Every structure is written in C-alpha cells, then in structure tokens.
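The values are calculated or read from the model by the stated rules, or taken from the named source; none is laboratory data. Quick caveat, the model's predicted, so the values are computed rather than measured. Here Cβ is always computed from backbone atoms with ideal geometry, including for glycine, and neighbour counts include all displayed protein chains. For accessibility, only protein heavy atoms count, side chains too; no ligands or nucleic acids. Shrake-Rupley method; radii C 1.70, N 1.55, O 1.52, S 1.80 Å.
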Amino acid sequence: KNQVEQSPQSLIILEGKNCTLQCNYTVSPFSNLRWYKQDTGRGPVSLTIMTFSENTKSNGRYTATLDADTKQSSLHITASQLSDSASYICVVSTGTASKLTFGTGTRLQVTL
Amino acid sequence: DAGVTQSPTHLIKTRGQQVTLRCSPKSGHDTVSWYQQALGQGPQFIFQYYEEEERQRGNFPDRFSGHQFPNYSSELNVNALLLGDSALYLCASSSPWPTDTQYFGPGTRLTVL
C-alpha cells in the first residue's frame, strides 16, 4: 500500500530559527515528490518538486532534499518567519494526477 | 491568470441535503481533480475529470458525483449529506502534460449540521 508518513506532526519554533521537516514514503512506482504549504482553510501551494534524479531543490528559504534509495525527503526552512506558520504536506506521485499519495502534514507554528 | 477558483467559499447544510460545489481550472488546464480534506488530515482523492468524463475515482460512495463542462469547469455534487462529509473540498487542475502537475484552488469549506 502506498503511504507517505511525515514527522513531526507539529512543531513550534522561534522566529528566525531554522527547522527541518521529514517525509518517508513507500510509493511505487515513483514519479516525483512535492512539498506543499497549506495555510489553514486554504488550498495547498506547491513549494518544490523533485524527480528521481534530483536530490535537492530550493525555493527561496525552502530547501527540499530527496534520497530515492532510502525513500526519504526533508524540507528545510531557513530563518523562519511568522508567515511560515502553516501545514507542510509531502505528496508523492506515481505519474498520474489520480495517483498522488498525500502525507498528513506537519503543522508548523513560528512564534515571536 | 486567475488560477484555480472555487465557489462558494463556505457552505452550511443539514444532514440529508444535497450540495453542489464549483471549480474553474487554471487557464490552459483540461483536467480537474477533486479532493476531500478532513480537519488535520491530508487530502483524499475523490475523482478526476478529463474530456467531460470521470477518468479515475477514489474510494468514495456513489453519493459523490461530478461533472465537467466543455469549458473544463467542473462541479462536485454530494447527495444525502452526512455529518462526516464536513470537510474542506479542494479542486485541482492539471496541465495536459505532465498530468500530475496540479494547482489547487482555495477550497470550499462544507459544514454539515
């Protein structure tokens, strides 16, 4: 069964600090992995996408890594801001839109 | 480009009623997928429409049905609403290729009382 597990479930950090979110998956076949940011009550917004051959991708203060051998990904947020408070969802695709497997997300709260 | 739009933003219904949610895809996209996201959970795939036909379906009962119009916009219909249908309903549109490049709308928050 295709599964995506994320950790931690929730995280509280001080503004300006860095943090790393984890994603482990058992999805086959693998096409790509995305990280989404979802504000409460809003639709997810794509941050990064990585294919099998890519092991790192950056988008501003967000840097995602992918280890296709161990089926692990991480999202590193640098110099966090209050606006980073959101849920971060890891999504793994088998190649078609109907075959996306979503993680349950990590809820990040950035405080003063 | 307006991106993916959904209406209404919020909706309150009572058990047993029927509801219709609407979605307009991003310009140039021809495929629309619908997801249900319960509070604190990841989105669950309901179904996908392409060329006005349901192409794929997730594990949802027949109470959930949909439609896609010639302009690629789509509707999600839910009959005989249950309390458990309360959720955020997300619409995502995809470009012709790659089909898994999905852009999500802001969602419709449905509350069933």
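A few remarks follow.
- Max mean-square fluctuation residue, GNM over chain B, Cα-Cα springs under 10 Å, options B:Gln36, B:Gln18, B:Gln68: B:Gln18
- Three semi-axes of the equivalent ellipsoid, the protein assembly as shown, Cα gyration tensor, whole Å, largest first: 29, 20, 16
- For segment A:1-56, trypsin sites (Lys or Arg not before Pro) meeting the loop criterion (DSSP other than H, G, I, E, B) and having at most 14 other Cβ atoms within 10 Å: A:Lys1, A:Lys17.
- Solvent-free Debye scattering, log10 I(q)/I(0), computed from the Cα coordinates of chain A at q = 0.09, 0.12, 0.23 Å⁻¹: -0.21, -0.37, -1.30
- Chain A: most fluctuating residue of A:Asn24, A:Asn55, A:Asn32 per GNM, C-alpha cutoff 10 Å: A:Asn55
- Compactness ratio for segment B:1-92: Cα radius of gyration over 2.2 N^0.38 Å (N = residue count) comes to 1.04.
- Partner aspartates and glutamates whose Cα lies under 16 Å from the Cα of A:Lys71, excluding those fewer than 8 positions away in the same chain, are identified as A:Glu5, A:Glu54.
- Close amide H contacts of A:Asn59 (hydrogens built in the peptide plane, cut-off under 5 Å, sequence separation of 5 or more or a different chain): A:Ala64.
- Summed over the residues of chain B and divided among them, the accessible surface reaches 48 Å² per residue at a probe radius of 1.4 Å.
- Within the same chain, aspartates and glutamates fewer than 8 places from A:Lys57 are excluded, and of the rest, those with a Cα less than 13 Å from its Cα are A:Asp67.
- Accessible area buried at the A-B interface, both sides summed, 1.4 Å probe (Å², nearest 100): 1500
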